[in-house]
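Note sheet for the following structure.
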């Protein structure tokens, strides 16, 4: 209904008043639409609908078990490497270490992505030197978003189980703690969230902590969307100001 009524004041201003009045009406209408869209989008981000879970087909023999371990800065933790070593020692188990490079949008624009990829490559090589075994433990780095990288791994590796390794709290150089919850909602396989801190054994967050991570994800996504909308509105106001300045009525 808002979209249907929105052009009316602009048309009236253009027909009955000077050009600057139509420009102002257009800015006001577009601003109102942007605010309403932001409200609806933020409400959806804070309360996301659960997607349909995907169950990958099992690859290999019936006795084979495939485990996908997603980690970045925690790859240097001895507790995580010991867990990888333990899994690899189980007969019929194959392990894939997936290391998302965590390339930010700013890094992509400034051509700094290579530095992040090299950092992920070094971390993976160090881990494989410690626990790598032919055809049992393999490694892969990815420049994609962590969730997209995991989806790609499901398409090629088809894990029967996923372990997401993070710190307790959000860290710029590591995976987001809420990633495990997103993977759990997306795929119909067992997903374990193991938290590793320097010198400590692996721990798994309780339900309250996982719920907090989910809330933080929703608010973070909503804030990012809101900032993009505000940027767009700011550009629109700047363009309107230029038009008014150039107008003979300005």
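Looking for whichever is assigned to a loop (DSSP other than H, G, I, E, B) and in contact (Cβ under 8 Å) with a residue 60 or more places away in the chain here; the options are 68, 59, 96. Which one fits?
Working: 68 fails: assigned to a loop (DSSP other than H, G, I, E, B); 96 fails: assigned to a loop (DSSP other than H, G, I, E, B).
Among 68, 59, 96, only 59 is assigned to a loop (DSSP other than H, G, I, E, B) and in contact (Cβ under 8 Å) with a residue 60 or more places away in the chain.
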- Message: Quick check on the stretch 85-95. Is at least one of its residues surrounded by fewer than 12 Cβ atoms within 10 Å (Cβ to Cβ), over 27 Å from residue 203 (Cα atoms) and out of contact with any helix residue (DSSP H, G or I) (no Cβ under 6 Å at 6 or more places or on another chain)?
- Response: no
- the stretch 160-179 - residue that is farther than 20 Å from residue 82 by Cβ and modelled with pLDDT of 75 or more and, of those, farthest from the chain's Cα centre (by Cα): 160
- Task: Mind listing whichever residues of the stretch 70-84 are closer than 14 Å to residue 123 by Cα and crowded, with 21+ Cβ neighbours inside 10 Å?
- Result: 70, 71, 72, 74, 75, 77, 80
- Hey, could you check the stretch 125-170 for residues that are in a loop (DSSP other than H, G, I, E, B) and without any contact (Cβ under 8 Å) to a residue 24 or more places away in the chain and say which is surrounded by the most Cβ atoms within 10 Å (Cβ to Cβ)? 132
- Confirm whether residue 107 is assigned by TED's automatic domain parsing to the domain that holds residue 199, assigned to a helix (DSSP H, G or I), touching a strand residue (DSSP E or B) at 6+ places or on another chain (Cβ under 9 Å) and modelled with pLDDT under 90. no
- Item | residue 67 within 17 Å of residue 183 (Cβ to Cβ), in contact with a helix residue (DSSP H, G or I) (Cβ under 7 Å, 6 or more places away or on another chain), crowded, with 19+ Cβ neighbours inside 10 Å and modelled with pLDDT of 90 or more | yes
- Which residue out of 131, 95 is on the phi < 0 side of the Ramachandran plot and modelled with pLDDT under 90? 131
- Collect the residues in the stretch 179-198 that are under 23 Å from residue 78 (Cα atoms), outside any helix (DSSP H, G or I) and either touching a helix residue (DSSP H, G or I) at 6+ places or on another chain (Cβ under 8 Å) or not assigned by TED's automatic domain parsing to the domain that holds residue 105 (or both), keeping them in residue-number order. 191, 192, 193, 194, 196
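The values are calculated or read from the model by the stated rules, or taken from the named source; none is laboratory data. None of these values were measured; they are calculated from a predicted model. Every residue, glycine among them, receives a Cβ derived from its backbone with ideal geometry; neighbour counts consider all protein chains shown.
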